[in-house]
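The values are calculated or read from the model by the stated rules, or taken from the named source; none is laboratory data. All of these numbers come straight from a predicted model, not from anything done at the bench. In this analysis, Cβ positions are derived from the backbone assuming ideal geometry, glycine residues included, and neighbour counts consider all displayed protein chains.
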Amino acid sequence: MPWQRHSGGRVEWGCGNSGFTLLEILLAMVLLGLVVSMLAIALSGSLQVIDATEEQGDLYHRARVAMQRISDDLSSAVLTDDVEFIGTARDGEEPRGELLRFSSMDHLVFAPEKQLPGMGIISYEVVPDRQEDGMLVLLRSDRLHRPGEKFGQEEGPAADKFLLCDRLRSVRFTYIDHQGRKQEQWDTRQAPGDPGRKRRLPVAVTCRLEFWLDPETETSLSFSTTILLPAGLIHAEKTAASSR
């Protein structure tokens with residue numbers, strides 16, 4: 001409480017002892033803690049959104065690179081007498097193994113001084129990821145095909161497999177024939193007892209890549225594209241024209 005004192009004709013002002021009570025200090029600390037907690041929650045939510053956006057952006061990049069490579073391979077696919085086009089259906093219980101093998105003019109040459117250009121035998125294989133439990137990786141094999149070489153022969157180092165895509169949950173190819181029907185698998189080999197079966201490429205192939213977002217919550221992100229095969233499309237047009 002303010003007070004005054006007279007001393008020699010002078011007036012001196014002052015005040016008694018004043019300050020915050022313990023209850024006021026505790027209340028201030030509680031309010032400060034609430035504000036800090038709210039800021040931390042808001043900041044954590046923002047960081048999670050940023051992380052999720054960056055992760056999805058990374059998956060979009062992986063999918064775009066893989067889809068572009070697969071599109072280039074399939075759009076240049078050709079069917080020769082000694083190389084078959086074989087697409088195998090894989091279910092969820094047996095995801096490991098070769099999915100597709102065919103010949104293509106999009107053979108990649110990484111070392112021109114050691115490798116020759118030409119037609120390549122390309123295959124895609126899906127295997128479990130050794131570093132990430134429960135995830136799959138897609139491998140690509142590309143080796144030069146020499147005339148007269150029989151389908152299925154391996155050549156050691158030239159048949160090495162390269163990583164095309166990882167963090168996968170599933171990989172699926174669907175084949176579209178000249179009548180627009182979708183098929184889960186494709187095989188140009190003549191079945192025993194059916195020598196008159198026509199060997200032809202599919203008109204189009206749909207590729208679907210499913211990536212893991214969070215294995216714990218079973219969330220994933222899928223990408224799909226359909227690739228036209230000019231060689232198969234031309235053959236289908238010729239077949240349709242001859243049947244008229």
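Okay, here's what the table says:
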item: Considering residues of region 100-134 that are in a strand (DSSP E or B) and β-branched (Val, Ile, Thr) only, the residue farthest from Trp212 (Cα to Cα); result: Ile121
item: Residue check for Phe151: modelled with pLDDT under 80, surrounded by 14 or more Cβ atoms within 10 Å (Cβ to Cβ) and assigned to a loop (DSSP other than H, G, I, E, B); result: yes
item: Residue tally, condition free of Cβ contacts under 8 Å to residues at least 40 places away in the same chain and more than 14 Å from Arg143 (Cα to Cα), over region 113-129; result: 5
item: In region 210-241, residue modelled with the lowest pLDDT [restricted to those that are surrounded by 14 or more Cβ atoms within 10 Å (Cβ to Cβ) and among the small types (Gly, Ala, Ser)]; result: Ala236
item: Residue satisfying all of: in region 116-143; crowded, with 18+ Cβ neighbours inside 10 Å and among the hydrophobic types (A, V, I, L, M, F, W, C); nearest to Arg96 (Cα to Cα) among these; result: Val126
item: Checking Ala66 against (1) among the small types (Gly, Ala, Ser); (2) modelled with pLDDT of 90 or more; (3) exposed (fewer than 12 other Cβ atoms within 10 Å of the Cβ), the condition it does not meet; result: (3)
item: Set Asp51, Asp81, Asp91: member being exposed (fewer than 10 other Cβ atoms within 10 Å of the Cβ), modelled with pLDDT under 70 and either under 53 Å from the mean Cα position of the chain (by Cα) or closer than 30 Å to Val171 by Cβ (or both); result: Asp91
